[in-house]
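Here's the structure, in structure tokens; my notes come after.
The values are calculated or read from the model by the stated rules, or taken from the named source; none is laboratory data. For clarity, every value in this text was computed on a predicted model and none was experimentally measured. Heads up, the Cβs are rebuilt from the backbone with ideal geometry, glycines too, and the neighbour counts pull from every protein chain shown. Each accessible area value is taken on the protein alone, full model and side chains, heavy atoms only, with ligands, DNA and RNA left out. Shrake-Rupley method; radii C 1.70, N 1.55, O 1.52, S 1.80 Å.
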Amino acid sequence: MDDAELFERIRCGDTDALNRLIERHYDSIRRYCYWKTRRADLAEDLTQETFYRFCRSLPGYTHKGKCRAYLYTVARRLCSDALREQPADSMEQVPETKLGLSLSAEDEAGAHFQSRELQQVLSELPPELQEAVILRYSYGLRYREIAAITGVPLYMARIRVERGLAAMKKRMREGDPDEDEPERIRQAAAGSACSEA
């Protein structure tokens, strides 16, 4: 059952349909919040707040096939607000478990980028390119959804993904000239991506 069918049932008062919709998107929103904040406890709180706000907005929400993009947009704003309110830790002071580098943190948060080399290359991208690449290849979002989430035109979302991949390719080529980097990047990102329709 797709989101549109679930919305029809939700409008008729079916709470099971609402629960199914939340369950369908909960883990991917939690992983996104973790990627933005690097804190499992904060990511969980922000995920719950995302769905709380979503449920509050249901009476006025008109489903146009953009539920996933809407949830990511709410989560992105909440993460940005939370990060502005918290003091920034320097990367040297953040424990590995908060960065998702230990196995338990990866399992808990569903971290997609398992290779430290890939994490390093990705972290060197400007934030807007980094986010576009992760949304596209880790979360499997379409360019139109990325554009809606980040508030840029469709062509800019596509450009950000392409520029991010090109920068990663160049950086990885500097470290290992014999490998086919674009394919390796796509496989690493898409191999553990959320498989959402």
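Looking at the range 24-82, which of its residues are farther than 28 Å from Gln119 by Cα, open to solvent by 40 Å² or more (accessible area, probe 1.4 Å) and part of a helix (DSSP H, G or I)? Step through it out loud before you land on a result.
First pass over the range 24-82, keeping only residues farther than 28 Å from Gln119 by Cα: 51-67.
Keeping just the survivors that are open to solvent by 40 Å² or more (accessible area, probe 1.4 Å) gives 52-53, 55-56, 59-60, 62-66.
Across the range 24-82, the qualifying residues are Tyr52, Arg53, Cys55, Arg56, Pro59, Gly60.
Show the residue pairs that are 6+ apart or on different chains and have beta-carbon atoms under 7 Å apart, the first residue being within the range 145-161 and closer than 16 Å to Leu125 by Cβ, the second being among the β-branched types (Val, Ile, Thr).
Partner pairs satisfying both residue conditions: Ala157/Ile146; Ala157/Thr150; Val161/Val133.
Which members of the range 133-151 meet the condition of being surrounded by 15 or more Cβ atoms within 10 Å (Cβ to Cβ) and within 13 Å of Ala69 (Cα to Cα)?
Listed by number, the residues that qualify are Leu135, Arg136, Tyr139, Gly140, Leu141, Tyr143, Glu145, Ile146, Ala147, Ala148, Ile149, Thr150.
Across the range 1-23, which residue is surrounded by the most Cβ atoms within 10 Å (Cβ to Cβ) among those that are touching a helix residue (DSSP H, G or I) at 6+ places or on another chain (Cβ under 9 Å) and assigned to a loop (DSSP other than H, G, I, E, B)?
Asp14
Exactly one of (1) at pLDDT 85 or above; (2) under 20 Å from the mean Cα position of the chain (by Cα); (3) over 25 Å from Gly140 (Cβ atoms) is unmet by Arg56. Its number?
(2)
Identify, please: which residue in the range 83-101 is part of a helix (DSSP H, G or I) and at pLDDT below 75 and is, among those, most open to solvent (accessible area, probe 1.4 Å)?
Here the residue is Glu96.
Mind checking whether some residue in the range 32-40 is without any contact (Cβ under 8 Å) to a residue 40 or more places away in the chain and either in contact with a strand residue (DSSP E or B) (Cβ under 7 Å, 6 or more places away or on another chain) or of a type in the set (Val, Ile, Thr) (or both)? Walk me through it before giving the result.
Kept after step one, since they are without any contact (Cβ under 8 Å) to a residue 40 or more places away in the chain, are these residues of the range 32-40: none.
No.
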